[in-house]
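Contents: one structure, followed by commentary.
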Amino acid sequence: MWRWSTENHGTQPAGLSGAQGVEQLRRAIEQVRADLAGATARLQAAGLTAESGILEAQALMLDDPALVDGASELMAQGRPADESVATALAPFADMLRASPDPVFQARAADVEDVVGQLRRALHGGGGTPPAPLQPSIVVARDLAPSQTAGLDRALVLGFATEQGSATAHTAILARALGLPAVVGIPGLPRSSRPCVRRPRLPQTLSRP
């Protein structure tokens with residue numbers, strides 16, 4: 001079992017505001033756009049054209065004027081770049097979350113995924129936390145759709161998360177990738193204990 005931290009793993013500060021913050025945000029947007037394009041291409045190469053549309057929709061969010069214009073206005077007021085991104089897109093996630101339709105509620109995670117990717121890029125981090133050192137089941141508070149699409153299948157045998165739902169894009173991608181997953185387990189990261197997975201012995205051998 002591998003407990004997966006979703007904290008930022010970058011080293012660069014994201015506290016710039018004003019014109020410097022806007023320029024920093026534009027660079028982060030281009031980095032996230034390139035990362036999403038690569039992940040989309042990998043899904044399409046695997047024959048998952050429909051599922052690749054999940055990431056293509058996220059890339060379109062990067063072009064929404066509400067993102068750059070809204071964040072730029074906040075940075076002009078002295079707010080830092082990463083905080084400005086989260087604040088600018090929060091109303092869209094809230095609107096989806098308030099929908100009576102569970103499918104639309106689940107789509108709020110896609111907006112939050114874009115925010116998370118941009119914040120990690122602003123801090124100089126990558127889109128995916130460090131992978132397990134050996135084949136393991138990943139346990140996390142949550143996994144974003146873009147992170148799920150980027151999982152190394154050689155090292156991640158499956159995953160379980162505290163948050164999420166069966167209608168969310170993370171679950172849809174896991175099913176398409178043939179990746180065993182259980183989502184929506186309250187208190188999971190706090191109750192689980194990291195452990196080393198014992199290698200499976202060949203059938204011709206017996207356990208002591």
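The values are calculated or read from the model by the stated rules, or taken from the named source; none is laboratory data. This one's a predicted model, so the numbers in the text were calculated from it and none came from an experiment. Surface areas here come from the heavy atoms of the whole protein model, side chains and all, with no ligands, DNA or RNA. Shrake-Rupley method; radii C 1.70, N 1.55, O 1.52, S 1.80 Å.
For PHE159, the residues 5 or more places off, or on other chains, whose built amide H falls under 5 Å of its own are VAL138, ALA181, VAL182. Phi angles of the range 51-64 translate, via the Karplus equation with coefficients 6.51, -1.76, 1.60 and θ = phi - 60°, into HN-Hα couplings of 5, 5, x, 4, 6, 5, 5, 5, 4, 5, 4, 5, 8, 5 Hz per residue; Gly and Pro are given as x. Fully extending the segment from ASP64 to THR167 would add 34.6 nm, taking 0.36 nm per residue of separation and subtracting the current Cα-Cα distance.
For the range 7-148, the calculated P(r) over all alpha carbon pairs, in 10 Å bins from 0 to the bin holding the longest distance, is 12, 38, 36, 13, 1 percent. Each part gets one Cα centre, and for the range 15-76 versus the range 152-168 those centres are 23 Å apart. Using a probe of 1.4 Å on the protein chains alone, the accessible area found for ARG141 is around 120 Å². By the Stokes-Einstein formula, at 1.306 mPa s and 10 °C, the range 86-154 with its Kirkwood radius over alpha-carbon pairs has D equal to 117 µm²/s.
Shape descriptor for the range 67-118: Rg over Rh equals 1.06 (Cα atoms; Rh from the Kirkwood inverse mean 1/r).
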